[in-house]
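Peer 1: Before I ask anything, here is the structure I am working with.
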Amino acid sequence: MKLYPKAIKEQWLITMNDTVKETKQKMQDAIQHLQEELKNIRTGRANPGILDSVMVEVYGAPMRIRDVATVTTPESRQLLITPFDAQNTNTIAKAIERANLNLMPIADGNVVRINIPPMDDSVRQDMAKMCGRKREDAKVSIRNVRRDANEAVRKLKSNGEIAEDMEKRLEKEIQEATDKFCKQADDMAQEKETEILTI
């Protein structure tokens, strides 16, 4: 068995920790992206998160709705948007229309109301399938991160920067992270699908 100096072993540990940390961060980014994507998928209930991606042109700059108004759900199938500045009411309504969310905003005095239409069974099934597609996209991203990380580890090993046992340990940690984040993606999508299919 080849013995390595302490300094080299310490360098390996730093390399190992950096590799695993960076890999987990990229996988976490894929999960956060999935979370944002799932927020935008409609359910039968009013959800303020559906408007998170809508940008409104106010004061000469694009801003998110939550930065220029409060969004509440006074009823289970209604969103109420109250602008901080009443002059922005019509601008907000138009921005929601342009966002192609299949919602009909109604400018009503100083507020914007959105009635969420009930979904029929075929629409529910389509939305549930969309959840499945978003979940698979996230899992593909996570697996791509795993592939890149494993390639980087093999390169470190072939360059003599880490030993074989270190390579195996890194690959094991990367696989454990992959399994954990893929399960997280499954759980999030399943929760959203249940929400969509519940009448």
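Conditions (1) of a type in the set (A, V, I, L, M, F, W, C); (2) without any contact (Cβ under 8 Å) to a residue 60 or more places away in the chain; (3) not assigned by TED's automatic domain parsing to the domain that holds Lys183, marked per residue:
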position	(1), (2), (3)
Ala128	yes, no, no
Cys131	yes, no, no
Lys134	no, no, no
Val140	yes, yes, no
Arg143	no, yes, no
Arg147	no, yes, no
Val153	yes, no, no
Lys157	no, yes, no
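Peer 1: As an exercise: evaluate Lys39 against (1) modelled with pLDDT of 90 or more; (2) closer than 30 Å to Met119 by Cβ; (3) within 12 Å of the chain's Cα centre (by Cα); (4) surrounded by 15 or more Cβ atoms within 10 Å (Cβ to Cβ) and give the number of the one condition it does not meet.
Peer 2: Status for Lys39: all satisfied but (1).
Peer 1: Taking Ile116, is it among the β-branched types (Val, Ile, Thr) and either at pLDDT 90 or above or more than 24 Å from the chain's Cα centre (by Cα) (or both)?
Peer 2: No.
Peer 1: To continue, here is another question. Go through the stretch 50-106 and tell me which strands (runs of 3 or more DSSP E), entirely inside it, have 1 or more residues that are closer than 30 Å to Thr198 by Cβ.
Peer 2: In the stretch 50-106, 61-64, 69-75, 78-83 are the strands (runs of 3 or more DSSP E) which contain 1 or more residues that are closer than 30 Å to Thr198 by Cβ.
Peer 1: Out of all the residues in the stretch 107-149, which are part of a helix (DSSP H, G or I), under 26 Å from Ala95 (Cβ atoms) and of a type outside the set (D, E, K, R)?
Peer 2: Val123, Met127, Met130, Cys131
Peer 1: Pairs needed: first member in the stretch 71-91, farther than 20 Å from Pro118 by Cβ and modelled with pLDDT of 90 or more; second member anywhere, surrounded by 14 or more Cβ atoms within 10 Å (Cβ to Cβ) and basic (Lys, Arg); C-beta distance under 8 Å; at least 6 residues apart or different chains.
Peer 2: Ile81/Arg113
Peer 1: Give me the residue from the stretch 55-70 that is without any contact (Cβ under 8 Å) to a residue 12 or more places away in the chain and farther than 17 Å from Arg98 by Cα and, out of that set, surrounded by the fewest Cβ atoms within 10 Å (Cβ to Cβ).
Peer 2: By that ranking, first place goes to Gly60.
The values are calculated or read from the model by the stated rules, or taken from the named source; none is laboratory data. Bear in mind the structure is a predicted one, so any value in this text is a computation, not a measurement. Here the Cβ is made from the backbone with ideal geometry for all residues, glycine too, and neighbour counts use every protein chain on show.
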